[in-house]
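Derivation of every value follows stated rules applied to the coordinates shown; laboratory data play no part. Just so it is clear, the model here is predicted, and its values are computed rather than measured. Cβ coordinates were reconstructed from backbone atoms using ideal geometry, including for glycine residues, and neighbour counts include every protein chain displayed.
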């Protein structure tokens, strides 16, 4: 696809990097010459110095023939106007970065008037990801498929689990409602068959409905629980969106923020949350607010260094699930050496979200990938396809298909019903099909077949 990205900041750069890796034709625009040069040279894409709201700049980027224009500057108003201008001159689709809650809440009222295909709110998207992790407090990772009807949940298997030293086919509590899709053992990644034996210390990813997943984890002695008491460090926009989601799910939320004006704003917007004015780095304050006893701690301050340090402290004084926001990718090597299990990068999440949306758009351009997650540090991909009438695999039992190695069909969604398929099941037109694989670059459901 031909894509124009306006804004070369952290969000725009993350989106450009994600889309460029998938082979799209990218042009980036920014008023800052240095930002344009740095991004265009690092990704080998076309760069234009100029104001993306201006007709001349958009025309120079050939936005009138673009499949998509993404406005990702730091200002919501600029992004919305850029999308309106791009749509006016002929761009097929537009996406605006919109951060302010007052705009986000009412955007649906003017979406069609502005010609927006969708909007992206990095802070809200990050909050959604964090709330997923807190909803299953014992999980290592949570991803959703079939519009949330099925979830892929990663957990650690302890020595006292009832499935240790058992082959997957002999775990009778699965009963066709839970699928063990991925097993991570040290540096090795497995897409297991029925003969695979689970060991203590394995990290397994299971696919199931969320309610069934909770029952399954209880039966195998994995503490998956929910975070009912959460402390959020920092009063950012992400904190606001996260608090709203957590309170809606019944959690008790405290937000600690040093800025008195921001505390007043949060108190007005979040009536049921406890807003505390104070320094998030003050250990005595944290202890007095009960950090030792809460289920979840989320570090969302402005500075990555503070988030990292206070997360390490929190892990030392409590058994809470600690989630750390880190925006600077240069810290990745350092973080890998620290005992931080749950690190969130809102800018990167925004890029991945946009990439998933574009894959859905590409259904009309030849691809039928609706959702894609890169798992286990990119070593495994989980893809959701829509089965079309032209597919060669329709109506054939899975056991009779010559599927590629290191690949499993793990879920079929048919008219709202979730099926965890066995060998005798078939795929039919209109089905949503989830596949787990180590192979990269699958763009069509028929790509799951081996060429041998």
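Label points 7 Å out from Cα along the Cβ direction at residue 415 and residue 333: separation in nm?
My value for the distance between the label points is 5.7 nm.
Counting pairs of alpha carbon atoms under 8 Å apart in space and at least six apart in sequence, what relative contact order in percent does the chain give? Write out the running numbers ahead of the final one.
Working: 941 pairs, mean separation 51.2, N = 452.
It rounds to 11 percent for the chain.
Ranked by Cβ crowding within 10 angstrom, fewest neighbours first, how are 411, 426 ordered?
On the way: 411 26, 426 15.
Final ranking by Cβ density, sparse to dense: 426, 411.
Among (i) 288; (ii) 191; (iii) 157, which one is volume of the Cα convex hull per residue in Å³ computed from these coordinates?
(iii)
Could the peptides 386-398, 306-318 be put in order, highest first, of the mean number of other beta-carbon atoms found within 10 Å of their residues?
In decreasing order of mean packing, 386-398, 306-318 become 306-318, 386-398.
Roughly what would the spin-label model give for residue 156 and residue 33, points 7 Å off Cα along C-beta, in nm?
About 5.2 nm separates the two model spin labels.
What's the extension gain from residue 106 to residue 25 if we count 0.36 nm per residue and subtract their Cα-Cα distance? Walk me through the numbers on the way to the answer.
On the way: separation 81, 0.36 × 81 = 29.16 nm, distance 3.23 nm.
Result for the pair: 25.9 nm of gain on full extension.
By counting other Cβ atoms within 10 Å of each Cβ, how are 431, 302 ranked from fewest to most?
Details: 431 20, 302 10.
Starting with the residue having the fewest Cβ neighbours, the order is 302, 431.
Kirkwood hydrodynamic radius, segment 353-448, all distinct C-alpha pairs: what's the number in Å? It would help to have the intermediate numbers written out before the result.
Values: mean 1/r = 0.0738 Å⁻¹.
Across segment 353-448, the inverse of the average 1/r is 13.5 Å.
Just subtract the alpha-carbon distance of residue 392 and residue 422 from 0.36 nm times their residue separation and send over the number in nm, one decimal.
Between residue 392 and residue 422, full extension yields an extra 8.9 nm.
In Å³ and rounded to a whole number, note down the convex hull volume per residue for the Cα atoms of segment 120-166. Display every interim value, and only then the final one.
Numbers: hull volume 4.4 nm³, N = 47.
Each residue corresponds to 94 Å³ of Cα convex hull volume.
Report, largest value first, the span of the C-alpha coordinates of segment 1-102 along each principal axis, in whole Å.
33, 29, 24
Could you work out the relative contact order of segment 353-448, using alpha carbon pairs under 8 angstrom and six or more residues apart, expressed as a whole percent? Show your work: numbers first, answer last.
Values: 178 pairs, mean separation 29.9, N = 96.
After rounding, I find 31 percent.
Rounded to the nearest 5, what is the percent of antiparallel bridges among the DSSP beta bridges in the chain? Write down the numbers at each step before the final one.
Numbers: 43 of 83 bridges.
Just about 50 percent of them are antiparallel.
Taking the Cα-to-Cβ direction at residue 451 and at residue 249 and moving 7 Å from each Cα, how far apart do the two end points lie in nm?
Output for this residue pair reads 4.4 nm.
Using only helices, what value at 222 nm comes out for the chain when you add -39,500 (n - 2.57) per DSSP H run of length 4 or more and divide by the total residues, to the nearest 500 deg cm²/dmol? Please report the intermediate quantities before stating the final value.
On the way: 13 runs with 144 residues, N = 452.
Calculated at 222 nm, the ellipticity per residue is -9500 deg cm²/dmol.
Exposure proxy check: 442, 246, 403 ranked by fewest other beta carbons within 10 Å? Write down the numbers at each step before the final one.
On the way: 442 19, 246 26, 403 16.
Ordered from fewest to most neighbouring Cβ atoms within 10 Å, 442, 246, 403 come out as 403, 442, 246.
Based on the Cβ-Cβ distance of residue 405 and residue 118, what FRET efficiency does E = 1/(1 + (r/R0)^6) give at R0 = 30 Å, to the nearest 0.05?
Calculated value: 0.25.
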